[in-house]
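Q: Here you go, one structure.
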Amino acid sequence: MVRNIEEFFKSATDEQKGILLKIVESSKEEKVLCNKVNNVYDSIKRGVHSPDGFSITVCEDEDDATIISAKDKEGLERVRAQIANYMKEAVKLGIGDVGIIQRNYKDYVGENIPSPKV
């Protein structure tokens, strides 16, 4: 059974709330980095990339986009690994039944949520 967020906050410990907030904050960072990477790859269509609206970098093919986006891709990998660790910690803290964990655990960790030990 999936526990909704309202139910979670009624009974959650500070530690459980903290790990959930870390997941949310990391997810925001992930979104920013994803948008930056996607913006670079969209630049191929225009032939140039302008991260700040003023400077222009040639971006004619996928190799250019790969080089330009390398730093952001590394950051994206780091944030996703961090989210995976937070997801594992959330399950250890007993909140694997919260919807956000249920929906995203396998995507970040690469496996199903482990069954609680009885």
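Coordinate-derived values only; no laboratory data. In this text, all values refer to a predicted model and were calculated from it rather than measured experimentally. Cβ atoms come from the backbone with ideal geometry, glycine included; neighbour counts cover every protein chain shown.
Q: Would you mind counting up the charge near C59? Only other residues with Cβ under 12 Å from its Cβ, with Lys and Arg at +1 and Asp and Glu at -1.
A: Working: positive: K45, R46; negative: D42, E60, D61, E62, D63, D64.
That works out to -4.
Q: In straight Cα distance, which lysines are under 20 Å from K36, not counting same-chain residues fewer than 8 positions off?
A: K28, K45, K71, K73
Q: Compute the normalised compactness of the chain: alpha-carbon radius of gyration over 2.2 N^0.38 Å, N being the residue count. The partial results should precede the final answer.
A: Numbers: Rg = 18.5 Å, N = 118, 2.2 N^0.38 = 13.5 Å.
Cα-based Rg divided by the globular estimate yields 1.37.
Q: Going by alpha carbons, how many degrees (0 to 90, nearest 10) lie between the helix axis of 14-46 and the longest principal axis of the chain?
A: Tilt relative to the chain: about 20 degrees.
Q: May I pose another question? Once you place label points 7 Å from the Cα toward the Cβ at L21 and K106, how far apart are they in nm?
A: 3.1 nm
Q: Could you calculate, for segment 11-50, the ratio of the Cα radius of gyration to the Kirkwood radius, expressed as Rg to Rh? Write out the running numbers ahead of the final one.
A: Working: Rg = 16.7 Å, Rh = 12.2 Å.
Computed over Cα atoms, the ratio is 1.37.
Q: Amide H of V48 versus every other amide H placed in the peptide plane: which residues, excluding those fewer than 5 positions away on the same chain, fall under 5 Å?
A: Counting only residues 5 or more places away or on other chains, the set is C59.
Q: Please give the net charge around G75, taking every other residue with its beta carbon less than 15 angstrom from that of G75, where Lys and Arg add +1 and Asp and Glu add -1.
A: Once all neighbours under 15 Å are counted, the net charge is +1.
Q: Using just the helices of the chain, give the 222 nm mean residue ellipticity in deg cm²/dmol: DSSP H runs with n ≥ 4 each add -39,500 (n - 2.57), and the total is spread over all residues, rounded to 500.
A: Values: 5 runs with 81 residues, N = 118.
Computed ellipticity for the chain at 222 nm equals -23000 deg cm²/dmol.
Q: Also, quick follow-up: Give the residue list of GluC sites (Glu not before Pro) in segment 36-118 that are DSSP loop and have at most 15 other beta-carbon atoms within 10 angstrom. Intermediate values should be presented prior to the final figure.
A: Working: sites: E60, E62, E74, E77, E89, E111; in loops: E60, E111.
Here the GluC sites (Glu not before Pro) that fit, given the DSSP loop and packing criteria, are E60, E111.
Q: Please report the relative contact order for the chain, taking Cα pairs under 8 Å with a sequence separation of at least 6, and give it as a percent rounded to a whole number. Provide the component values of the computation, followed by the final result.
A: On the way: 106 pairs, mean separation 36.1, N = 118.
Reported as a whole number, the value is 31 percent.
Q: On to the next question. Which cross-chain or sequence-distant (5 or more) residues have an amide H under 5 Å from the amide H of R3, H modelled 1.01 Å from N in plane?
A: Under 5 Å from the amide H of R3: V98, G99.
Q: In addition: Assuming R0 = 25 Å, what is the FRET efficiency of R78 and D52, from their Cβ-Cβ distance, to the nearest 0.05?
A: Details: r = 23 Å, r/R0 = 0.92.
With R0 = 25 Å, the Cβ-Cβ based efficiency is 0.60.
Q: Next question. Can you list the lysines whose alpha carbon is less than 21 Å from that of K10, not counting same-chain residues fewer than 8 positions off?
A: The reachable lysines, counting only those whose Cα sits under 21 Å from K10, are K22, K92.
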